[in-house]
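A quick write-up on the structure given underneath.
The values are calculated or read from the model by the stated rules, or taken from the named source; none is laboratory data. Computed from a predicted structure; not experimentally measured. So basically every Cβ, Gly included, is an ideal-geometry build from the backbone, and we count neighbours across all protein chains shown.
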Amino acid sequence: MSGAAFDLGPALLFCPADRPERFAKAAERADAVILDLEDAVAPGAKVAARGALIEAEIDPERVIVRVNALDSEHFAADMATLSQTDFRRIMVAKAESPKRVSRIDARFEVIALCETARGVARADRLAAADNVVALMWGAEDLVASIGGTSSRTESGVYRDVARYARSRVLVEAAARGKAAIDAVHLDIADAQGLAAESADAAASGFAATACIHPAQVEVIRGAYRPKPEEVTWAQGVLDAASHAPGVFAYQGRMVDEPVLRHARSVLQRAVHAR
């Protein structure tokens, strides 16, 4: 599936795969639902969760299935189950081996979840795999893989190691024309913090932000949606560019190609928000 594009965002909602009664509601609330066969499902419930996927009646185009890590005892059963469904977009937990990721059944689009030290270190090679359409990063598993205990300071701000991983995943994905998905905000009650992080993600170039609760969906959508004045500026500067060859000034600001690309990104997000 080389060349496939990721355009599901901006709000991707995780839903445990062993809770089929929540599938339709999650898909209705979010831009896409991530049915989780990994951390959200206890080992003893994974067989039932796979059965729920086979019986699920939701639009497969708006579904991502997070499967267990490639080296886990559950991965083969996860993939055998998905072969019996119409779900063809998977998120590979704890992705570390570009070679093994590239060998996944070619029928599936892959989102490589970089949430360990090895995964982040190999983000460039994971993004280069033809079947990978996006990278996502994860903070808590990453810090645990290093031997740490928390990805955030007491003030709620990411520690430097998490900020590095976030930036590396974004840059390596973009360098290979792939999308990047920002990590979940675990503090469900912290809508202000989620809004700030999502706004930063949108401005930085992330295609989407994952979340764990339906209440977070509209916060993320609002953060990714450009403000009316941003849309007006973007349209104005692009209109001006059509009559001004080369570098020019617009509203007191020098405009060159990078600024025009920023404007195009704003309009693209505005269209997506509608």
> Of the residues 62, 118, 66, 89, which single one is over 20 Å from residue 40 (Cα atoms) and not aliphatic (A, V, I, L, M)?
Replying inline: 118
> List, please: which pairs have Cβ atoms under 7 Å, are six or more places apart or on different chains, and start with a residue in region 212-231 that is of a type in the set (Ser, Thr, Tyr) and end with one that is modelled with pLDDT under 85?
Replying inline: 224/269; 224/273
> Which residues, taken from region 165-203, are farther than 15 Å from residue 112 by Cβ and small (Gly, Ala, Ser)?
Replying inline: 167, 189, 191, 193, 195, 196, 198, 199, 201, 202, 203
> What residue, of 210, 215, 199, 203, is at pLDDT below 95, not polar (S, T, N, Q) and not in a loop (DSSP other than H, G, I, E, B)?
Replying inline: 203
> So is residue 237 part of a helix (DSSP H, G or I), of a type in the set (Val, Ile, Thr), more than 25 Å from residue 65 (Cβ to Cβ) and more than 20 Å from the chain's Cα centre (by Cα) or not?
Replying inline: yes
>> Can you pull out every residue in region 1-36 that is at pLDDT below 95, among the small types (Gly, Ala, Ser) and closer than 20 Å to residue 208 by Cα?
In response: 3, 4, 5, 9
> Restricting attention to region 134-171, which residues are out of contact with any Phe, Trp or Tyr (no Cβ under 7 Å at 6 or more places or on another chain) and in a loop (DSSP other than H, G, I, E, B)?
Replying inline: 138, 147, 148, 149, 150, 153, 154, 155, 156, 157, 159
>> So, in region 59-68, exactly how many residues are surrounded by 19 or more Cβ atoms within 10 Å (Cβ to Cβ) and in a loop (DSSP other than H, G, I, E, B)?
In response: 1
> Could you list, in sequence order, the residues of region 218-229 that are part of a helix (DSSP H, G or I) and under 24 Å from the mean Cα position of the chain (by Cα)?
Replying inline: 218, 219, 220, 221, 222, 223, 224
> Is it the case that some residue within region 244-262 is of a type in the set (Lys, Arg), surrounded by fewer than 17 Cβ atoms within 10 Å (Cβ to Cβ), touching a residue at least 12 places away in the same chain (Cβ under 8 Å) and under 28 Å from residue 129 (Cβ atoms)?
Replying inline: no
>> Going residue by residue through region 43-56, is there one that turns out to be in contact with a Cys (Cβ under 8 Å, 6 or more places away or on another chain), of a type in the set (D, E, K, R), crowded, with 17+ Cβ neighbours inside 10 Å and at negative phi?
In response: no
> Are any residues in region 142-182 closer than 26 Å to residue 33 by Cβ and either among the β-branched types (Val, Ile, Thr) or exposed (fewer than 14 other Cβ atoms within 10 Å of the Cβ) (or both), and if so, which ones?
Replying inline: 169, 177, 181
> Quick one: residue 185 ticks every box in (1) in contact (Cβ under 8 Å) with a residue 60 or more places away in the chain; (2) part of a loop (DSSP other than H, G, I, E, B); (3) crowded, with 24+ Cβ neighbours inside 10 Å bar one, so which box is it?
Replying inline: (1)
